[in-house]
């Protein structure tokens, strides 16, 4: 998760969702749009949920049932299930200005955070930090990133 910036952003989106999606629905939708990580997050949800294992060792309907259950869970469940999509689209239409106004600042925040992330990774690759030190600094960066989302 910390080896690439895209993995970092996916983790941030998942963590933001887990912190309380219902209270921050507009922020979450704006963050998804600004991050451009919809496909990557969906793929991660499948991998983490065990759908790949279920599909490989599938036994007909049972495997499909597990695959669907895992595929539709997590933050992308919001975007993938029909009822949730309808809810998100309705919310987006009703609060379009509020959400679109947040996408720009979130993109800026994502870019600013990328430069800080790259500095930490450069120190790690340069030997200034060990893996534990790098992970600790990136955890702190992630925490600040999530706090700044709510502030904007």
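What follows draws every value from the coordinates through simple rules; no lab data is involved. Predicted model only: the values in this text are computed from it and were never measured. Glycine also receives a Cβ, built like all others from the backbone with ideal geometry; neighbour counts cover every protein chain displayed.
The residue list 127, 140 contains one member that is in a helix (DSSP H, G or I), out of contact with any helix residue (DSSP H, G or I) (no Cβ under 6 Å at 6 or more places or on another chain) and either under 19 Å from residue 36 (Cα atoms) or without any contact (Cβ under 8 Å) to a residue 12 or more places away in the chain (or both), which is 140. Looking across the range 104-124, just one residue is more than 18 Å from residue 9 (Cα to Cα) and either touching a residue at least 40 places away in the same chain (Cβ under 8 Å) or buried (at least 16 other Cβ atoms within 10 Å of the Cβ) (or both), and that is 124.
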